[in-house]
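The values are calculated or read from the model by the stated rules, or taken from the named source; none is laboratory data. Computed from a predicted model, the values in this text were never measured in an experiment. Every residue, glycine as well, gets a Cβ built from its backbone with ideal geometry; the counts of neighbours run over all protein chains shown.
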Amino acid sequence: MQILTIILQIAILLVIVLLHVAYATYFERKIIGHMQVRMGPMLVGYHGLLQPIADGIKSFFKEDVIPAQADKPLFLFAPVICLVTMLTSLAVIPFAKGWVLADINIGLLFIFAMSSLASYGVILAGWASNSKYTFLGGLRSMAQVISYEIPLGLSLVGVMMLSGSLNLTTIVTSQGNSFSSMYLFPQIIGFFVFFIAMLAETNRVPFDLPEAETELVSGYITEYSGMRYALFFMAEYIGMMVMASIGTICFLGGWNGPFEIPFFPPFWFILKVYGFIFFFIWIRATLPRYRYDQLMELGWKLLIPLALLNILLTGLFKILVH
Amino acid sequence: MEQLGIAEQLREKFTGSILGIITHRGQVTILVDRKDLFRICQVLKTDHKMTHLNCLCGVDNLKRKGAHLERFEVVYQFYSIDNRTSLRVKAQIPESDPVVDSITSLWTGANWLERETYDLLGIVFNNHPKLERILTAEDWEGYPLRKEYALRGDKEWKGLEELREKAVRLRKYDFYGAQIEQE
Amino acid sequence: MKVQYKPKRNLLETIFQVEILQGMALTLRKLFSPAITRQYPQEKPPMYPGFRGQHALVRDSVSKESKCVACMRCATVCPSRCIQIGYDEDETHKRVVNRYTIEVLRCVFCGYCVEVCPVGAITMTELFEYATYDRQTVFFDKEALLDNWDSFILKTGKDATYVNPLMRPRGVLESSLPSAKRLTVPDDWTIEGQYVGTKVKPSTMNLPSTTHAEAENG
Amino acid sequence: MITLTDTQTIDIPVQSGDEDRYHLKLGPQHPATHGVLRVDLDLDGETILTCDPKVGYLHRGFEKLAEHRTYAQNIVLTDRLDYIAAMSNNVGYCEAVERLLAIEVPERAKMLRVMVCEMSRISSHLLWLATHALDIGAMTVFLYCFREREVLLELFAELCGARLTTTYTRLGGVRQDVTRSIMKKLDKFVEDFPACIEEYETLIDTNRIWLKRTIGVGQVSAEKALDLCLTGASLRGSGVDYDIRKHMPYSGYEKFEFDVPTGETGDTYARYRCRMEELRQSNFILRQCIEMMPPGPILGKDAPDLIMPIKPANKLEVDVPAKNALITLIEDRDVFMEGDIYVATEVPKGELGFYFISDGMGRPYRMHIRSPSFIHIGALSTMGQGVMIADLIAIIGTLDVVLGECDR
């Protein structure tokens, strides 16, 4: 019986998240469109509201082309790795008090593990396609993910130190209920590092090197088409959402808000996540792209020292206070 | 006139190589023998500060008559940005041996221009680092800008024939590789 | 003139990412500004007289036939040689056009044919949406060209006195035009009513009638 | 689901010492090569060891075609050279033919030519900025640039009936006069444009990512730039003050006040700054055009008819009644003199030169087009050595090449 409940919960979560992903693409296209003084999708439905559904149907029915020289099993498997790891990490995210599939004690580590695993999908996709562009895209992704995992992890060490736990629910509850007690303020350096590393981890502008269109055509997804392409796409957006959730939980106080919303406790959480996603899109509309070596330089020479400094300062602070 | 002065100086320096000096619409051309071409360009670049190579092209003189005109000529247009003077040098190249010295060592930018001249007119440049077809296909026959090359020839490029054959051969298949039923 | 670089940013600006914030402020501002794009199939772009669109043979309002006199000027001037004219000569040596074809797929839309036509028989209309799936539809013969004119008149609501600057170029002397092309045109198409710069001194003008044009502009 | 089975394994022979190299063929269908440019790269990781641009995919044989058409018909060909700034090519071609055939151009036509040249310079530079920024990843600049470019293209459409393939000039003048409505719209554009430049600069000019991606990338010294025969803003970015509008003024450019911006460092950022400054200068010239547009005819008295004879003038049948001709040919003038001429004009991409040889016929005996893009792409193999792929894309962008002009 318990298993059935969990399966039902998982199903509900997946449906909601996938719908959310569909509309996140719409959200992104509309916002970037208006920032670029154009309209975005307009034709399908009122102001293009049905566009994501049309896109979904289209990509589902599109021909699935597999290059003759590709490593077929890996080629077929790679998008699945990406999507599954991203979906798995949703399990530990608390949307509100008690609204979590698996309230495990190492939630934060679990998410790191999953997001590192997702990069295998990208690398394997790049390698299995047997195309030069995808290979370069895969290589870039590998280097990028490895070097940005470190600042991402280090930037959250401060949060762990303050809350004393890796459990995401505990992290939220330890931030208290007031606006000023969010970890954003004591951990502003950590937040800065986390934010940049998050952009890099999810391959968003200005760190979208693995799929830099003007350099590598489409990077690791150049050879993919139809549904498999859509899987990568979904993985990217779910990854965005997971990272935004982590940011919300660790720095913005999770589901805590100025007042409680009856019947729908995750309201503030979703609002904050959407705020994050809007920021992602906003940055994409504004900034140019870094070069590969500059990205590495930024990660190793700026973000890691900053994150270490943040840990040091947090430690000193804790010693002084107690 | 400054341009003419340069031309005169060159004539004194390279006796016998300067075949003629022509002025037309305020632009001075010197016809030179191809054997001294490289040295003349060198002198123009170093002594007369003609640092900018405007233009390099070949001409087929098949239907033109004139004193000292050989079958081909290569036209070099130089400009001195400091002195604001320009000069045109035309090297005469006989049909029997269409070879001229490359000036790639003086201007790297001349590389492609010489390749283009070779491609379209068949003039060979000595000491050129990579003399290959550039605008036309590698297996192109003939030199399109020669006057005897007809604007519309009687035969197609042979690659086109292959393409056509392939198109005819594949016409009976649809996009998915299935045979279309012929009506 | 040496180009000016913006001054280097100081430490404070570097830490707070001022220039990035400025850029983001701009994009945020644009989020709420109206879009400038046109929703094409619903909203057509503006077309101006003289647009080099679909070809048409002007249908004479009296004879209901083409005005073409088969002088072959258009076929001669055509850079892509896409106009073919066939004609018979009647007993008075007057040419009667029996074939007039334009191969639109070869046409480069330079509009030379319209300009050289001495009688204003051929024109290019402001219609541009005539893409089709087959070649035959865009191989215009005489009837198709006359039909194009009819549909142009119908679609745009113009009447048979329509004149565009290809048929009668702006800014040329009336006397240099053939009599059939001395048509009634707006004031600023003629050399007398042309636009003159606001700072041109009246003394340098050789045409007295342009002074009022200047007054209008100033 | 289908798999393509028709492909075969291609064995690339591996030479000794070649094993570490990664061959990449960038293009001819690639989002950042601005057309059908192919660049064969040898990579070591992401660093380019050798860079070999391949062109010719768009070769249409204009030089050969021109030998079989009259001077007037060839104007149409020049539209298709640099299709982003067709007006400049039209003007460049006509200036050359007019010098060759000694045709007078009236003042108003000269001013109109300068006007359309500068308009097309702005529209070309806007497209350059748009694609260059897009190449480096700033995609919003792209749309902002197209907003202003659209205004200019619509003005072109109103002026001469086509947005891109303008065919605006005539031998001895221009084709159409401006109307008041055009000048009013242009006036508004000139008024608004500086604010738009500010907008583009807000997004990229001091942006640290943009600076990182452009400063020191594709650096050429002044000597190297001259050696590579670069022209236009690519040369001026290295500090060589060479602008044909100042050096060999044509079409009445000597009457206009404007500065030629030059950079110092010769890197991508300097070239970017030069072109941004040129946008301002062009806008300033447009302002002067609007204010100083003289009255008068737009075609010279001795401008040849559109129907030019392909045979020498004295053999021309001049029995066409004068009233039928738009502009009659003056029969007794020796129109087509024998001789040759090289006339260069400053188009947005650099120096566009036309070299003509006339043998006394109504068509050029030889027409050579010195196209800046061809030479700039030729310089790519030198400039692209030792940089990274992302830098190569930036360099292709900064050289501002158009393949229509390159392949001719």
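So here's what we get for this one:
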{"read-out": "Any pair with Cβ under 9 angstrom, 6 or more apart, that starts in region B:103-120 at a residue that is surrounded by fewer than 23 Cβ atoms within 10 Å (Cβ to Cβ) and ends at one that is assigned to a helix (DSSP H, G or I) and among the β-branched types (V, I, T)", "value": "B:T108/D:T382"}
{"read-out": "Selected residue (criterion: farthest from the other protein chains (Cβ to nearest Cβ)) from residues of region D:42-58 that are within 22 Å of D:F374 (Cβ to Cβ) and surrounded by fewer than 21 Cβ atoms within 10 Å (Cβ to Cβ)", "value": "D:T50"}
{"read-out": "Odd one out for D:A162, checked against (1) assigned to a helix (DSSP H, G or I); (2) facing another protein chain (nearest Cβ under 9 Å)", "value": "(1)"}
{"read-out": "Residues (assigned to a strand (DSSP E or B) and within 8 Å of chain D (Cβ to nearest Cβ)) located in region B:57-76", "value": "B:C57, B:V59, B:D60, B:V75"}
{"read-out": "Leading residue by the ranking (surrounded by the most Cβ atoms within 10 Å (Cβ to Cβ)) among those in region C:95-130 that are aliphatic (A, V, I, L, M) and part of a helix (DSSP H, G or I)", "value": "C:V114"}
{"read-out": "Residue tally, condition in contact with a helix residue (DSSP H, G or I) (Cβ under 9 Å, 6 or more places away or on another chain) and surrounded by 12 or more Cβ atoms within 10 Å (Cβ to Cβ), over region C:2-16", "value": "5"}
{"read-out": "Among (1) surrounded by fewer than 14 Cβ atoms within 10 Å (Cβ to Cβ); (2) touching a Gly at 6+ places or on another chain (Cβ under 7 Å); (3) over 17 Å from A:I221 (Cβ atoms) - the single one A:G48 does not satisfy", "value": "(1)"}
{"read-out": "Filter result for the condition that a residue is in a helix (DSSP H, G or I), among the aliphatic types (A, V, I, L, M) and within 30 Å of A:P262 (Cβ to Cβ), over A:L74, A:L90, A:L101, A:L109", "value": "A:L90"}
{"read-out": "Residue list for region B:132-164, restricted to those being more than 10 Å from every other protein chain (Cβ to nearest Cβ) and in contact (Cβ under 8 Å) with a residue 24 or more places away in the chain", "value": "B:Y143, B:E148"}
{"read-out": "Matching residues, region C:72-94, being out of contact with any strand residue (DSSP E or B) (no Cβ under 8 Å at 6 or more places or on another chain) and assigned to a loop (DSSP other than H, G, I, E, B)", "value": "C:C78, C:P79, C:S80, C:R81, C:E91, C:T92, C:H93, C:K94"}
{"read-out": "Elements of type helices (runs of 4 or more DSSP H) in region A:168-270, at least 2 residues being closer than 24 Å to A:L87 by Cβ, out of contact with any Asp or Glu (no Cβ under 8 Å at 6 or more places or on another chain) and of a type in the set (A, V, I, L, M, F, W, C)", "value": "A:168-174, A:188-201, A:226-251"}
{"read-out": "Residues of region B:21-45 classified as in a strand (DSSP E or B), within 13 Å of chain D (Cβ to nearest Cβ) and either without any contact (Cβ under 8 Å) to a residue 60 or more places away in the chain or not aliphatic (A, V, I, L, M) (or both), total", "value": "5"}
{"read-out": "Test: residue in region C:58-68 that is at the interface with chain D (Cβ under 9 Å from one of its Cβ atoms), part of a loop (DSSP other than H, G, I, E, B) and surrounded by 13 or more Cβ atoms within 10 Å (Cβ to Cβ)", "value": "no"}
{"read-out": "Residue, farthest from the other protein chains (Cβ to nearest Cβ), within region B:77-95, restricted to residues that are surrounded by fewer than 16 Cβ atoms within 10 Å (Cβ to Cβ) and under 17 Å from the mean Cα position of the chain (by Cα)", "value": "B:P94"}
{"read-out": "Hits in region D:190-208 - residues which are away from every other protein chain (no Cβ under 13 Å), touching a residue at least 12 places away in the same chain (Cβ under 8 Å) and surrounded by fewer than 19 Cβ atoms within 10 Å (Cβ to Cβ)", "value": "D:P194"}
{"read-out": "Failed condition for B:L4, given (1) touching a residue at least 40 places away in the same chain (Cβ under 8 Å); (2) within 27 Å of D:I103 (Cβ to Cβ); (3) of a type outside the set (D, E, K, R)", "value": "(1)"}
{"read-out": "Qualifying position, being away from chain C (no Cβ under 12 Å), modelled with pLDDT of 85 or more, out of contact with any Ser or Thr (no Cβ under 9 Å at 6 or more places or on another chain) and closer than 17 Å to D:T231 by Cα, among D:V343, D:V260", "value": "D:V343"}
{"read-out": "Residue in region A:297-309 that is in contact (Cβ under 8 Å) with a residue 40 or more places away in the chain and within 30 Å of A:G33 (Cβ to Cβ) present", "value": "yes"}
{"read-out": "Number of positions in region D:271-311 that are among the hydrophobic types (A, V, I, L, M, F, W, C), facing chain C (nearest Cβ under 7 Å) and more than 22 Å from D:A72 (Cβ to Cβ)", "value": "4"}
{"read-out": "Matching entry among C:V185, C:V172, C:V138 (being closer than 20 Å to C:E103 by Cα and either basic (K, R) or surrounded by 15 or more Cβ atoms within 10 Å (Cβ to Cβ) (or both))", "value": "C:V138"}
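Yes/no per residue for (1) of a type in the set (F, W, Y); (2) surrounded by fewer than 21 Cβ atoms within 10 Å (Cβ to Cβ):
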{"residue": "B:Q27", "(1), (2)": "no, yes"}
{"residue": "B:L31", "(1), (2)": "no, no"}
{"residue": "B:F38", "(1), (2)": "yes, yes"}
{"residue": "B:D47", "(1), (2)": "no, yes"}
{"residue": "B:M50", "(1), (2)": "no, no"}
{"residue": "B:C55", "(1), (2)": "no, no"}
{"residue": "B:K63", "(1), (2)": "no, yes"}
{"residue": "B:F72", "(1), (2)": "yes, no"}
{"residue": "B:V75", "(1), (2)": "no, no"}
